[in-house]
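Every number here is computed from the coordinates shown, using simple stated rules; none is lab data. Small disclaimer: the values here were computed from a predicted structure and weren't measured. Backbone-built Cβ (ideal geometry, glycine too); neighbour counts: all protein chains shown.
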Amino acid sequence: MPIQITLPDGACRSYPVPVTVADVARSIGAGLAKAALAGRVNGQLVDTSYAITTDCALSIVTAKDADGLSLIRHSTAHLLAYAVKTLFADAQVTIGPVIENGFFYDFSYKRPFTPDDLAAIEKKMTELAARDETIVRRVLPRDEAVAYFTGLGEHYKAEIIGSIAADQAVSLYREGQFEDLCRGPHVPSTGHLKHFKLTKLAGAYWRGDHRNEMLQRVYGTAWATRDDLQQHLTLIEEAEKRDHRKLGRLLDLFHIDDHAPGLVFWHPKGWVLWQIVEQYMRQVYRNNGYREVKGPQIIDKSLWEKTGHWDKYRENMFVTESEKREYALKPMNCPGHILIFKQGIKSYRDLPLRYGEFGQCHRNEPSGGLHGIMRVRGFTQDDGHIFCTEDQILAECAAFTALLQRVYADFGFTDIIYKIATRPDKRIGSDESWDKAEHALIESLRASGCAFELTPGEGAFYGPKIEYTLKDALGRPWQCGTIQVDFFMTERLDAEYVGLDGARHRPVMLHRAIVGSLERFIGILIEDNAGALPTWLSPVQAVVLNITDAQADYARNVANALQNQGFRVDLDLRNEKITYKIREHAMQKVPYLIVVGDKEMAAGAVSVRARGGKDLGSMPLSDFLRHISADLPQRSFA
């Protein structure tokens with residue numbers, strides 16, 4: 001009996017049994033048959049070779065679909081492994097997942113790959129793709145698959161398969177002389193893989209464990225069209241120009257040293273930038289009802305055991321011992337804030353009680369994951385905790401969202417993505433409490449008029465959270481802010497308040513941060529502005545330059561006048577050509593260069609160059625003071 005296949009437009013077609021996805025595509029049209037990468041049968045993504053034997057709903061997946069692009073990247077990762085095995089036969093393949101905008105594949109090899117190796121691998125990938133070899137799937141019992149890969153010398157693949165239940169079968173995909181473990185699906189043939197680029201090399205520990213072998217990770221990107229690939233490569237090139245690590249060196253802001261991996265050495269100008277951001281956030285605290293506190297860096301292990309952090313974060317905590325007591329450098333600030341809350345009797349009249357801290361935290365991040373000041377082992381958070389009643393949760397969350405929006409706008413970020421991360425499988429507390437917490441977060445964003453999406457299972461073990469992700473000038477997302485609803489930690493640490501009824505009650509704890517890690521946020525600011533920070537954030541807002549020694553005293557007076565008005569000004573009286581000094585400070589991306597020669601000195605004026613080479617001409621110093629003042633935004637301080 002023929003089977004009935006329903007297409008996305010509602011049309012129903014009859015086919016003899018069996019029929020493949022590719023057969024259906026061919027019956028619809030030659031163009032679709034050529035473009036087909038996979039199919040969705042009753043919602044399940046399958047290869048074009050998949051045999052349909054019963055009535056179903058079917059959609060053909062092409063490169064225009066999100067699934068199609070993911071398939072291209074997945075198959076290109078396999079093409080990468082194929083090329084590596086062709087060039088380096090004794091390399092072992094491990095895993096090669098799709099990631100945002102591309103893919104990577106990890107290899108075990110006797111030496112690190114070089115940039116020349118990368119170029120050779122990409123060239124070989126192009127050759128293999130041009131062969132348009134069919135990608136064929138087969139299924140083996142687990143033990144047979146283990147024996148097969150062991151025989152090939154692919155011990156990592158054998159280990160992966162060995163971790164699968166014995167009664168399960170595994171699927172393999174072959175293209176030409178290369179066969180790889182994969183659940184699939186894949187594109188029909190290598191000829192569909194045309195627009196790709198290998199982007200970088202890195203190291204990565206096997207299974208992410210630093211105790212295991214360091215593997216060679218090769219990153220790449222793949223796209224449906226040449227234009228899409230070129231657009232992405234242009235974005236990568238621009239991102240490299242904005243790399244905060246390069247700009248940190250160029251602008252003399254900070255450095256990272258092997259003597260303290262994952263920790264930041266702030267130079268004078270970098271520390272000025274840090275202080276600007278911190279003092280801004282401190283003003284935000286003062287203007288929005290937060291009381292600033294400060295907790296200790298080292299806390300007894302017993303507290304972390306009570307909160308549950310010892311079980312969840314022990315591997316990422318730095319520990320020490322004194323007088324036979326075990327301590328940990330705090331990886332977060334929340335337990336300390338509860339201990340502060342517990343000092344003295346609290347009444348319902350005291351709630352909501354908002355604590356804020358610029359709390360320095362330490363987390364033992366793997367060395368392979370460290371990245372400039374974006375991913376570090378020691379960082380400072382604009383951390384806050386709100387102790388409130390259940391009835392106050394919604395209003396506090398809505399007020400926090402509005403506050404965060406104003407802060408981000410002051411820093412130049414107006415494009416924000418809102419996500420609500422809901423309960424994970426491993427969690428503490430009752431479903432009833434989780435229901436209340438998730439409902440409050442959802443309703444607070446609805447009340448704020450924010451479109452949002454749910455990310456099931458991504459919440460913390462103690463509560464759901466809103467994640468606030470900003471987009472920078474290149475459209476890159478950065479998750480910075482968060483607010484989490486926690487019914488449980490105050491119970492674990494026995495925090496109470498006296499209610500209207502005279503009885504003892506547990507406060508709800510809202511964990512919140514706006515910029516998150518100050519180090520990371522400063523890195524984002526540097527990259528967003530390509531180092532050319534707005535005048536209010538620039539460590540040096542103006543440099544006064546003399547042309548000859550004859551104007552030295554006048555240049556000092558101009559600099560002093562600006563400094564007395566609160567501006568951050570440097571003075572350059574070096575015996576160098578003025579063109580050299582201008583070029584040097586322009587490279588430092590200083591907003592204003594003030595040049596004084598005999599003409600300016602005689603007129604009591606200054607000659608002003610704005611960043612970008614814009615010549616503002618000569619003007620009285622009072623006019624420049626008005627100009628630079630107007631360049632400072634009327635920040636809301638939220």
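Restricting attention to the stretch 304-346, the residues that are surrounded by 13 or more Cβ atoms within 10 Å (Cβ to Cβ), outside any loop (DSSP other than H, G, I, E, B) and within 30 Å of the chain's Cα centre (by Cα) add up to 17.
Could you tell me which of the residues Ala437, Ala503 is touching a Gly at 6+ places or on another chain (Cβ under 9 Å) and on the phi < 0 side of the Ramachandran plot?
Just one listed residue meets the conditions, Ala437.
One residue stands out among those in the stretch 202-245 that are touching a residue at least 24 places away in the same chain (Cβ under 8 Å) and polar (S, T, N, Q): the one that is farthest from His267 (Cα to Cα), which is Thr225.
Of all residues in the stretch 572-609, those being within 36 Å of the chain's Cα centre (by Cα) and among the polar types (S, T, N, Q) number 1. Could you tell me whether the stretch 376-389 includes any residue that is farther than 30 Å from Pro633 by Cβ, crowded, with 20+ Cβ neighbours inside 10 Å and of a type in the set (Lys, Arg)? Yes: the stretch 376-389 contains one or more residues that are farther than 30 Å from Pro633 by Cβ, crowded, with 20+ Cβ neighbours inside 10 Å and of a type in the set (Lys, Arg).
Name the one entry in Leu79, Leu69, Leu58, Leu32 that is closer than 15 Å to Gly184 by Cα, more than 26 Å from the chain's Cα centre (by Cα) and not in a loop (DSSP other than H, G, I, E, B).
Only one candidate passes the filter, namely Leu79.
In the stretch 124-168, of all residues being more than 36 Å from the chain's Cα centre (by Cα) and assigned to a strand (DSSP E or B), the one that is nearest to Lys197 (Cα to Cα) corresponds to Thr134. Do you know which of the residues in the stretch 176-201 that are in contact (Cβ under 8 Å) with a residue 40 or more places away in the chain and within 17 Å of Thr94 (Cα to Cα) is surrounded by the fewest Cβ atoms within 10 Å (Cβ to Cβ)? Here the answer is Leu201. For Ala89, state whether it is surrounded by 21 or more Cβ atoms within 10 Å (Cβ to Cβ) and either outside any helix (DSSP H, G or I) or touching a strand residue (DSSP E or B) at 6+ places or on another chain (Cβ under 6 Å) (or both). When the stated conditions are applied, Ala89 does not pass them. Of the residues making up the stretch 269-303, those that are among the basic types (Lys, Arg), assigned to a helix (DSSP H, G or I) and either farther than 16 Å from Gly516 by Cα or free of Cβ contacts under 8 Å to residues at least 24 places away in the same chain (or both) are Lys269, Arg286, Lys301. A residue that is on the phi < 0 side of the Ramachandran plot, surrounded by 13 or more Cβ atoms within 10 Å (Cβ to Cβ) and of a type in the set (Lys, Arg) occurs somewhere in the stretch 554-563.
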